[in-house]
């Protein structure tokens, strides 16, 4: 008999030849995965260990006849402007002995959810020589293409280890990280993203100095949004947006060339509609508002009006480009 099971990764991944990789070379940060799922807005990667073992039973006595220790790279990528995404799987045996190294491996790809399989290929390949990659790739199309549609897809690779006279052994790898939609305002095409990844909305100090200064001070006072661990959350509910704005800046003074800016931004669920109080800083010309710190509430500041007007366009372009929908996390940073 033979079996496969998850195993520990080596302390250092071997520098294997990448000559037999699938269509896209996984990014370098994949190597930091170590069993966890890492991602960007359009990529997902997980590196895990896999052990394949062969055994024989004679007269009731079972003996291990071989073992192969492998690395598996589970990698998937998409595009914010395409309805198609890919799922690649690569395995490499880096050590082993006996009958296990006589095996060959092939793969079959399938899926569930709002998607169909376009193509898949993982032909039978031997495990040896060691430190060489065996790979397959599959492409999937979303079925969430009608106007306003949003759909999720789970994709699977089933690897089969064949090694006569042993029975076949099967192991599966799945990824259910992608969401595709035709619901992003301003995007005429369907696209697919990793919805839990908090993309980065960047305000330039050079282009928007007063806006950037306010955001920096607001975040330094304890308000969320700067990190993956503590992001903001998009809202598309106009009632929430208007409430956030009115509670934050409804009583702002009228000063030529300036207008009231609030942070967290009004198009987030972390605004005053969710509770908390206002705070401000020296030079913000909001004399009726006190200073403060902490993770809840909002900061308000009178900033250059042209920068404040431009901020709305920056935010809209960002949400559109990254397909940030209602409930998605995002970060705000200053550069």
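Worth a mention:
- Residue 232 vs. criteria at pLDDT 95 or above and in contact with a helix residue (DSSP H, G or I) (Cβ under 9 Å, 6 or more places away or on another chain): no
- Single condition residue 258 does not satisfy, out of (1) under 30 Å from residue 76 (Cβ atoms); (2) surrounded by 19 or more Cβ atoms within 10 Å (Cβ to Cβ): (1)
- All positions within segment 150-168 that are in contact (Cβ under 8 Å) with a residue 40 or more places away in the chain and under 22 Å from residue 78 (Cβ atoms): 150, 153, 154, 155, 156, 157, 158
- Residue match in segment 169-176 (condition: part of a strand (DSSP E or B), touching a strand residue (DSSP E or B) at 6+ places or on another chain (Cβ under 9 Å) and closer than 22 Å to residue 149 by Cβ): yes
Residue-wise test of (1) in a helix (DSSP H, G or I); (2) without any contact (Cβ under 8 Å) to a residue 60 or more places away in the chain; (3) in contact with a strand residue (DSSP E or B) (Cβ under 7 Å, 6 or more places away or on another chain).
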| site | (1), (2), (3) |
| --- | --- |
| 200 | no, no, yes |
| 216 | yes, no, yes |
| 219 | yes, no, no |
| 248 | yes, yes, yes |
| 266 | no, yes, no |
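- Unique residue being buried (at least 22 other Cβ atoms within 10 Å of the Cβ), in the same structural domain as residue 43 (by TED's automatic domain parsing), outside any loop (DSSP other than H, G, I, E, B) and over 33 Å from the mean Cα position of the chain (by Cα) when the list is 109, 100: 100
- Some residue of segment 7-16 being at pLDDT 85 or above and touching a strand residue (DSSP E or B) at 6+ places or on another chain (Cβ under 6 Å): no
- Residue within segment 126-133 that is modelled with pLDDT of 95 or more and part of a strand (DSSP E or B) present: yes
- Complete set of residues in segment 139-192 that are over 30 Å from residue 68 (Cβ atoms), surrounded by fewer than 15 Cβ atoms within 10 Å (Cβ to Cβ) and out of contact with any helix residue (DSSP H, G or I) (no Cβ under 9 Å at 6 or more places or on another chain): 146, 147, 148, 188, 189
- Scan of segment 293-307 for residues that are part of a loop (DSSP other than H, G, I, E, B) and over 16 Å from residue 216 (Cβ atoms), ordered by number: 294, 295, 296, 297
The values are calculated or read from the model by the stated rules, or taken from the named source; none is laboratory data. As the structure is a prediction and not an experimental result, all values here were calculated from the model. All Cβ positions, even for glycine, are placed from backbone atoms using ideal geometry, and neighbour counts span all protein chains on display.
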